[in-house]
Amino acid sequence: EAVLERLQRNLTVTLRPAFLASALDAQRARVLLLLRLGNVAAAFDTVERLRAQIVLGYLTGRESLKLPASDQVSIGLADELDELRGRHHALTVRGLEDTSLPAPPGDELAKREAIHALERQMRSITEQLHLRRSSDGLETLKAPRAEQLQAALGEGEAMIAYFDDGVRLRAFFINRGRITHLALSASSGDISRAMDQLQRNTMRALASGSASAAATLVVPARMILKRLWDMLLAPLDELIDRTSRIFIVPFGQLHALPFNLLFDGGRHLIERGEIVTLPSASVLLQSSPCRPAGTRILVHNDSGRLPDVEREADVIRAILSAEVWSGTAATRESLHVAPMQILHIAAHGAHRTDNPDFSYIALSDGQLMIDDLLKMDMSYELVTLSACETGRGRITAGDEALGIGWAFLYAGAGAVVSSLWRVSDARTAPLMAAFYGALREGLSKATALRRAQLAALAHATDAHPAFWGAFQLVGSPAALSSAGTE
């Protein structure tokens, strides 16, 4: 196992998914054998081991593209990558307005082909940079065992970790006193179909433009959310009922599911307790950074297409002591500064379903991408991404999760609040006001987000969940350090 883990850690980004997929088959066989033997804790340890290696590898900077000044070849590759990034930005954001750049044929198909060709070149250079990095001295990473996680869970806290054995989904429930396992009756296909229906319902609600126009979609949404509850949480209902904070560790397609919205027929899960998502159970044991008090806000209105983001920044600045970088000052370069307690980015975000590695947040000097973040110090106590679809990403067969939101976590953030779908900047401002107001009172991040979402729901009890439930908390649920609440 140690040899396989070492091999995995040294694979490049594009080669690792195939390796993880092959390793997953062996992992599934071992899990099923251990469950047949009645050793639930060892089965969970097996599930967590491969996933933890992925996450802990990112957290120790394994994917960083930081370059030593002495490596002139790598610096040359990085310069070439920057030039390609500029051309890519010109095509995807500014269109063909920059006449100093070679213009491909004007039709849309040719433009898309040019973008894809640039992305292939960019990924090739990224891989070359990764291969030039030495792995000498990298820490040997150990996934935590079930008993360590149990000891880390507080009273009223529990963890639900999912795993797909290739036939059906399985759920591990862990709290301080027990670890148990359930084989869920629903197939992956059943869950996938319900999630597709939920996504279509959500998109129709958002396209309607208002809660009143989306009113007819609320009952169908709750029916779908109830069906997902029945498949994923109903077998655990009695255990959940005694829990005030639930850590969810999704698997595969479940990374895109808003667990906070699942509906038991009377209440959404967020109404029953706090919800925290973790890409791996091992994140529970990671220490959250402690930073000097202060809030940094980056605001970019995307050429006027987000008219309310400036108001959102003003609302936050009225609650917390904050420095605001807006307009031309809201750049990727402005993030190369020492982290403080909170980073809030209010800007346009895009999730690329065709090529998730090129998802981005639009800032004034270009697109902030995953590769940018993985070479930055993002060790803020909290990063809030008030941008569209920042919680979505790529999930490989080995359950490697990578997207803009996760990249902030892997780059050192203690916790990330991000969205699973496109959000209205007008509706986001009051939710963020409630969230930061609760943090200012000294409440935990999990409690603060729950309070904000419940306040939005109470304001319009019949509102479609698309309008209030997009944001998810990933990472540490703890309150900000004492310095931030003085």
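The values are calculated or read from the model by the stated rules, or taken from the named source; none is laboratory data. Note that the structure is a prediction, hence the values are computed from the model and not measured. Glycine also receives a Cβ, built like all others from the backbone with ideal geometry; neighbour counts cover every protein chain displayed. In case anyone asks, the SASA skips ligands and DNA or RNA and just uses the protein heavy atoms, side chains included. Shrake-Rupley method; radii C 1.70, N 1.55, O 1.52, S 1.80 Å.
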Would you pick out the residues in region 465-485 that are of a type outside the set (Ser, Thr, Tyr), more than 14 Å from residue 342 (Cβ to Cβ) and open to solvent by 30 Å² or more (accessible area, probe 1.4 Å)?
467
I need the strands (runs of 3 or more DSSP E) fully contained in region 330-391, keeping only those with at least 1 residues that are more than 16 Å from the chain's Cα centre (by Cα) and at pLDDT below 85.
366-369
Test residue 228 against the stated conditions and say whether it is in contact with a helix residue (DSSP H, G or I) (Cβ under 6 Å, 6 or more places away or on another chain) and either of a type outside the set (S, T, N, Q) or crowded, with 21+ Cβ neighbours inside 10 Å (or both).
yes
Give the number of residues within region 446-464 that are among the polar types (S, T, N, Q), in a loop (DSSP other than H, G, I, E, B) and buried (at least 19 other Cβ atoms within 10 Å of the Cβ).
0
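Based on this model, can you work out whether residue 306 counts as within 24 Å of the chain's Cα centre (by Cα) and surrounded by 19 or more Cβ atoms within 10 Å (Cβ to Cβ)?
Against the criterion (within 24 Å of the chain's Cα centre (by Cα) and surrounded by 19 or more Cβ atoms within 10 Å (Cβ to Cβ)), residue 306 qualifies.
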Residue tally, condition in contact with a helix residue (DSSP H, G or I) (Cβ under 8 Å, 6 or more places away or on another chain) and open to solvent by 20 Å² or more (accessible area, probe 1.4 Å), over region 253-267:
5
Evaluation of residue 326 against (1) open to solvent by 50 Å² or more (accessible area, probe 1.4 Å); (2) of a type in the set (Ser, Thr, Tyr); (3) modelled with pLDDT of 80 or more (one fails), failing number
(1)
Selection from region 278-287 of residues part of a loop (DSSP other than H, G, I, E, B) and surrounded by fewer than 21 Cβ atoms within 10 Å (Cβ to Cβ) yields 286, 287
